[in-house]
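Everything on this sheet refers to the single structure shown next.
The values are calculated or read from the model by the stated rules, or taken from the named source; none is laboratory data. Remember, it's a predicted structure, so these values are computed and weren't measured experimentally. Cβ atoms come from the backbone with ideal geometry, glycine included; neighbour counts cover every protein chain shown. Surface areas here come from the heavy atoms of the whole protein model, side chains and all, with no ligands, DNA or RNA. Shrake-Rupley method; radii C 1.70, N 1.55, O 1.52, S 1.80 Å.
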Amino acid sequence: MRITWVGWFLGLAGGLGLLAGCTVKSADNNAGGAGGSAGAAGAAGTGGDAGNAGTGGAAGIGGSSGDGGSAGAANTGACGTVSVNGACADDHTLQTCVIPDTNNPTANPEYVQTTTCDSGRSCTVINGIAQCKLLGECAAGDVACSADGKKVRTCQGTGANTTWSDTPCDTANSEVCIVPKPGEAAKCQVVPSSSGGNGPRLEGRIKFEYHDAGKTGWGPTETQDATDVYVAIFDSNNNMIGKALSGWDPDTGTFTSDGTFKADLTQAPTPDMQIWVWPMAFNYDTGQPLMAIAKLADPDVQANATEATEYWAWGTTVGDLGTTVSGQTTTVGDWTIKESEGSGALHIYRWIDYGLVRTAAAMPGKQDSLVVYWDPTKDTPSCGACFCGPNCGGGEVKYGTADTDVDHYDSWIALGGPPSDGSTEWARAVISHEFGHYVMMNYSISPGEGGPHYLSEASKPGLAYSEGWATSFGMTNVETPVYVDQQQGTFFWVDISKYTTSDGDLAMPDAQGLIDQPINENVVAGMIWKLWVDPSLDPGGRNLGDPKIFGTLTYPQLVDGTFNRGYYKVDLVDFLDSAICSGNATEEDVTSVTQPTGYPYDPATKPCQ
């Protein structure tokens with residue numbers, strides 16, 4: 001079966017990939033004659049307007065000159081000069097080229113998606129990515145909590161002159177700034193701090209149903225803890241009287257990494273008190289939402305990004321859970337959110353949240369906000385499963401009727417949910433793969449190459465690198481080399497450690513070919529995986545780990561395009577060059593993973609000496 005990797009990366013590759021010029025092949029460095037090294041290959045011309053052929057490098061003493069790069073071809077498709085990474089038609093208009101993931105590009109041609117930037121935002125190109133950027137400090141009318149939780153912040157002004165205006169809470173009388181429910185405005189309210197059990201307290205444990213993934217299908221229903229989710233307690237008048245974070249112990253100031261919560265309350269619990277849970281994470285520097293799971297409103301993913309109106313949330317009462325009381329502490333029975341209630345949203349949140357924590361610990365810098373759209377009652381999203389960055393205009397959740405009743409996120413992910421088409425909420429590899437695209441865009445540089453890509457076939461080098469990176473990251477996130485998914489009722493798997501699939505072995509690169517030859521994305525994934533992991537996960541693992549792999553991904557010469565030889569877009573060659581030149585990998589590390597595949601990467605030709 002010819003399985004399409006449906007919609008893995010909207011905006012930069014995959015399902016609705018975006019095009020930035022045509023494929024260009026350029027020659028690798030020629031071997032030098034006796035006594036000298038070869039000159040470097042000339043750079044390929046760029047797409048858009050047809051580029052001129054690059055010139056060959058000068059010969060080393062006694063060596064032959066390098067071959068020139070091939071000329072870049074003009075993009076003659078419907079997108080014209082509008083690239084995968086977007087373009088600004090004017091100050092308020094963002095354009096992005098979309099390529100449907102299709103076997104019939106004639107019937108489903110590429111097209112330009114146009115987004116009008118919201119008031120107070122301007123189309124700006126940052127690190128090669130066109131996006132609608134805030135002109136001022138904040139979006140006019142927004143209300144939020146300060147990072148220290150002691151002030152309510154209201155965004156005042158217009159355009160580039162917006163600033164936060166702070167109103168202090170009455171902290172002397174235990175007031176703090178809270179967001180009662182996601183989608184509600186921040187406000188000052190009396191909420192007790194951790195009292196060590198000296199005041200009224202509610203404790204409990206939140207779990208959810210899920211299915212594990214096997215090579216032939218989803219496993220039986222199991223339960224696991226819901227960690228790092230927002231918990232709020234409300235009295236019968238809907239006033240919030242306490243809050244907590246599952247997996248956090250306020251008495252010891254440590255994470256327990258389970259679903260337990262401890263909420264100190266302003267009044268003793270009663271049976272009619274409500275407990276609510278949201279899969280939402282906050283940016284502790286700004287107090288703004290960093291990541292949340294919202295309900296998909298429209299299978300048209302571009303339309304959905306401006307039409308979603310509801311976050312996933314669950315509520316119950318203290319009385320429904322049953323209680324035991326010991327002094328001032330009331331403990332409720334375990335609360336298990338069922339599959340029929342949408343527990344898939346918590347499974348999605350688990351892996352995205354872990355990815356955010358993992359990358360923040362290893363790489364400095366700002367994390368763009370991210371919303372994930374999913375709803376099993378809707379049709380499959382038009383992209384299947386996909387990520388789209390700021391170049392798509394961001395994603396929104398409009399939780400009220402006023403113009404300011406909206407949460408704006410820099411990037412979004414759309415995931416399928418109908419059981420008839422995969423139940424992607426259980427596919428932890430797919431979820432983590434999509435987040436891998438976020439990691440590349442947030443911290444590094446993406447090739448910005450789209451188009452159809454298939455399980456067992458070679459792809460353009462830039463597309464293969466983008467998808468291969470996302471898969472290798474995803475599999476290290478879930479700590480297994482076996483990627484499992486279901487599409488249109490068919491289960492399939494890929495073992496990137498063994499370069500084999502449910503359809504047979506993957507085709508390996510041509511050892512005598514060019515370094516910019518088409519290559520299977522899962523072969524790329526396997527090589528990066530082997531550099532990343534230790535031998536306990538893969539006998540061929542080189543154990544570079546997160547610090548060195550992320551150090552390679554963020555190496556300045558890779559990010560700014562200094563390292564870009566062979567193919568005209570960033571690809572695996574440049575990543576391997578970065579690994580060696582940054583000192584994060586040795587030549588032996590790299591050759592140990594490239595030689596078994598036949599990939600003709602020669603570390604002697606790296607751009608640093």
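Which of (1) outside any strand (DSSP E or B); (2) at pLDDT below 95 does Val325 not meet, given it meets every other one?
Unmet for Val325, out of (1) outside any strand (DSSP E or B); (2) at pLDDT below 95: (1).
Do we have Pro376 as in a loop (DSSP other than H, G, I, E, B) and farther than 20 Å from Pro452 by Cα here?
yes
Restricting the search to the stretch 200-259, which residues are among the basic types (Lys, Arg) and not in a strand (DSSP E or B)?
Residue satisfying the conditions is Lys215 alone.
Pick out, from the stretch 123-173, the strands (runs of 3 or more DSSP E) lying fully within it that include 3 or more residues that are out of contact with any Pro (no Cβ under 9 Å at 6 or more places or on another chain) and open to solvent by 50 Å² or more (accessible area, probe 1.4 Å).
It comes to 163-168.
Which of the residues that make up the stretch 335-367 are open to solvent by 50 Å² or more (accessible area, probe 1.4 Å) and among the hydroxyl-bearing types (Ser, Thr, Tyr)?
Initial filter on the stretch 335-367 (open to solvent by 50 Å² or more (accessible area, probe 1.4 Å)): 338-341, 350, 354, 357, 360-361, 364-366.
Result: Ser340, Tyr354.
Collect the residues in the stretch 265-313 that are open to solvent by 40 Å² or more (accessible area, probe 1.4 Å), hydroxyl-bearing (Ser, Thr, Tyr) and under 20 Å from Pro180 (Cβ atoms), keeping them in residue-number order.
Passing the criteria: Thr266, Thr270, Tyr284, Thr286, Thr309.
In the stretch 469-509, what residues are touching a Gly at 6+ places or on another chain (Cβ under 8 Å) and part of a helix (DSSP H, G or I)?
If the condition is that a residue be touching a Gly at 6+ places or on another chain (Cβ under 8 Å) and part of a helix (DSSP H, G or I), then Trp469, Ala470, Thr471, Ser472, Phe473, Gly474, Asn477 are the ones that fit.
Restricting the first residue to the stretch 501-513 and requiring it to be closer than 14 Å to Glu457 by Cβ, which pairs with a second residue that is aromatic (Phe, Trp, Tyr) and surrounded by 11 or more Cβ atoms within 10 Å (Cβ to Cβ) meet a Cβ separation below 6 Å and a spacing of at least six or different chains?
Note: pairs meeting the criteria are Leu506/Tyr499; Pro509/Tyr599.
Kindly establish whether Leu370 is in contact with a Ser or Thr (Cβ under 7 Å, 6 or more places away or on another chain), surrounded by 17 or more Cβ atoms within 10 Å (Cβ to Cβ), under 23 Å from Asn304 (Cα atoms) and modelled with pLDDT of 95 or more.
Yes.
Look through the stretch 185-195, keep the residues that are open to solvent by 50 Å² or more (accessible area, probe 1.4 Å) and over 12 Å from Met240 (Cα atoms), and return whichever of them is modelled with the lowest pLDDT.
Ser194
Identify, from the list Ala525, Ala604, the residue that is open to solvent by 60 Å² or more (accessible area, probe 1.4 Å) and part of a helix (DSSP H, G or I).
On inspection, the qualifying residue turns out to be Ala604.
Scan the stretch 410-426 for residues that are closer than 30 Å to Ala140 by Cβ, open to solvent by less than 30 Å² (accessible area, probe 1.4 Å) and touching an Asp or Glu at 6+ places or on another chain (Cβ under 7 Å) and jot them down.
Ser411, Ile413
Kindly check whether there is at least one residue in the stretch 225-234 that is under 30 Å from Phe492 (Cα atoms) and in contact with a strand residue (DSSP E or B) (Cβ under 7 Å, 6 or more places away or on another chain).
Scanning the stretch 225-234, I find at least one residue that is under 30 Å from Phe492 (Cα atoms) and in contact with a strand residue (DSSP E or B) (Cβ under 7 Å, 6 or more places away or on another chain), so the answer is yes.
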